[in-house]
Amino acid sequence: MCIRDSLNSVQKAANEIGIPNTEDFNLGNNEGCGYFEVMQKRGRRWSASRAFLDPVKQRPNLKIVTNSQVIKLDFEKDICTGLIFKKKNKNYKVKSSDEVILSAGSIGSPQLMMLSGLGDSGELKSHGLNVIKHIPGIGKNLQDHLQIRTAFKLKNTITLNQMYQSYFSLAKMGIDYLLFRRGPLTMAPSQFGIFTKSDKRFDTPNIEFHIQPLSLDSFGKPLHKFPGLTVSVCNLRPLSRGTVSLSSSNPFDKPKIAPNYLSDYEDQQVAVESILKARELMATNEMAVFEPEEFLPGKNFVKPEELVQEAGKISTTIFHPVGTAKMGSYDDPMAVVNEKLKVRGFKNLRVVDGSVMPVITSGNTHTPIVMIAEKASEMILND
């Protein structure tokens, strides 16, 4: 057997419990199971930088400054006049003749605005910062997809676990990649996906599985020596909300990130249902040939309160933070940007990244954020 055999069996197992196949998760209703489409070209990730920046970086009106840290935005009344950045221990001041676009992500954008005097006035004053404008929603409303990494030992198959134990296999993987740009070294973090409902009370899929033909105790730890399968599942519409706040007024100090995962009771219930759904998937007749044995969280945990606790232990971010500078109407006191992505109270400061999402999307966030950027570019040109 090969790696794809176990993934094909997972697809048939999903069919066995009533989940249909799909050729495309982007048809409007993402319910179903199938192999992920990935953003790759010749075995390399096709990033936003490669797709959008590389083709235009030679333009005379574009200057890219690297190995630098923006430390403050400058303001005069309702105008953002520019910024200050540090490079090699020297500060540089940049003046803006038109707009300033902030795209530092759902962690960096709120941090920079708070360092510049925008945010909750009480919090800013507690760090000795001068308050430019009281915008209490900055850094609030943090949302993320938490992945619960259930894992199973398998028999009668090959997974990446064994392949990484063999010097011969490692050499073959390296040659495959260097000469042909193919093989395991070109694989995305997850190859096979399932969108489904954790319970019939939901009208549309509310959980997403990422199936990975490997297992490890946690990120950064070595792969296990036995054949393993990770059945990672995340709540697509979490109700828990977190915060990003300053740890100090020093722009080089890391901000405090408090995601507050599983703080909402509904999220706890979905976590329990997600683990039970993973167990249902692995208990199918189709998977019986592999004799799956659950070791994360462990088959001995059966009570809901136990499963909630264990879910917290085996879970990690899936790197989809959004919402910390949310878009909203003027009567929403926690809104940070308006319908044109302009920071409330300022004429020429826009935020263009995942932080502007009021609510997290029911799936991966990369493509929606690219869409936000495309829409923003139109609005900037039309203003």
* Asked: Relative to the longest principal axis of the chain, what angle (0 to 90°, nearest 10) does the C-alpha long axis of helix 265-282 take?
  -> 30
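Given a Förster distance of 41 angstrom, what is the FRET efficiency for Lys375 paired with Val302, based on the Cβ-Cβ distance and rounded to 0.05? Working shown, then result.
Values: r = 47 Å, r/R0 = 1.15.
That pair, Lys375 with Val302, gives E of 0.30.
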* Structure fact -> Note, Ile64: beta-carbon cut-off 11 Å, +1 each Lys/Arg, -1 each Asp/Glu, net +2
* **Fully extended contour minus Cα-Cα distance, from Ala171 to Arg241, at 0.36 nm per residue** => 20.7 nm
* Alpha carbon centroid spacing (whole Å) that separates the range 97-143 from the range 277-337 -> 30
* Amide H neighbours of Ile71 under 5 Å, counting only residues 5+ apart in sequence or on other chains, H built in-plane at 1.01 Å? -> Ile84, Phe85, Lys86
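Assign unit charges at the C-beta atoms only (+1 for Lys and Arg, -1 for Asp and Glu), then state the dipole size of the range 147-208 relative to its Cα centre in Debye, rounded to the nearest 20. Intermediate results must be reported in sequence, preceding the final value.
Values: 9 positive and 4 negative charges, 31 e Å.
Result for the range 147-208 is approximately 140 debye, rounded to the nearest 20.
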* Asked: What angle, in degrees between 0 and 90 and rounded to the nearest 10, separates the Cα long axis of helix 3-16 from the longest principal axis of the Cα atoms of the chain?
  -> 90
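What shape does the range 314-383 have by the C-alpha gyration tensor, where a ≥ b ≥ c are the square roots of the eigenvalues, rounded means a/c under 1.5, and otherwise prolate means a/b greater than b/c and oblate the rest? Write out the running numbers ahead of the final one.
Details: a/c = 2.70, a/b = 1.49, b/c = 1.82.
Judged from the Cα gyration tensor, the range 314-383 comes out oblate (a/c at least 1.5, b/c at or above a/b).
How large is the dipole of the range 1-80 about the Cα centre if only Lys and Arg carry +1 and Asp and Glu carry -1, each at its Cβ, rounded to the nearest 20 debye?
Numbers: 12 positive and 10 negative charges, 138 e Å.
Value, rounded to 20: 660 debye.
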* Asked: Simple spin-label model, 7 Å along Cα-to-Cβ: Asn285 to Lys41 in nm?
  -> 4.7
* Structure fact -> Ranked from fewest to most other Cβ atoms within 10 Å of their own Cβ, Thr22, Thr204 fall in the order Thr204, Thr22
* Give the calculated FRET efficiency between Asn29 and Asn89 to the nearest 0.05, with a Förster radius of 45 Å applied to their Cβ-Cβ distance. => 0.25
* **Cα pair distances in the range 222-261, grouped into 5 Å bins until the bin that holds the longest one, percent each** => 5, 16, 13, 12, 10, 12, 16, 10, 4, 1
* Can you give the FRET efficiency for Phe180 and Ser49, using 1/(1 + (r/R0)^6), R0 = 22 Å, r = Cβ-Cβ distance, to the nearest 0.05? -> 0.35
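Rounded, prolate or oblate for the chain? Axes are the square roots of the Cα gyration tensor eigenvalues, ordered a ≥ b ≥ c, and the cut-off for rounded is a/c under 1.5. Numbers along the way, then the final one.
Numbers: a/c = 2.13, a/b = 1.65, b/c = 1.29.
In terms of gyration-tensor shape, prolate.
Would you tally the net charge around Asp120, using a Cβ to Cβ cut-off of less than 13 Å, leaving Asp120 out, and scoring K and R as +1, D and E as -1?
Details: positive: Lys125, Lys133, Lys140; negative: Glu123.
Neighbourhood net charge equals +2.
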* For the range 150-301, what class follows from the C-alpha gyration tensor (a ≥ b ≥ c being the square roots of its eigenvalues): rounded when a/c is under 1.5, otherwise prolate if a/b is larger than b/c, else oblate? -> oblate
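None of the figures in this text is laboratory data; all of them are computed from the coordinates on show. Owing to the predicted nature of the structure, the values given are computational and were not obtained by experimental measurement. Cβ: placed from backbone, ideal geometry, glycine included. Neighbour counts: every protein chain shown.
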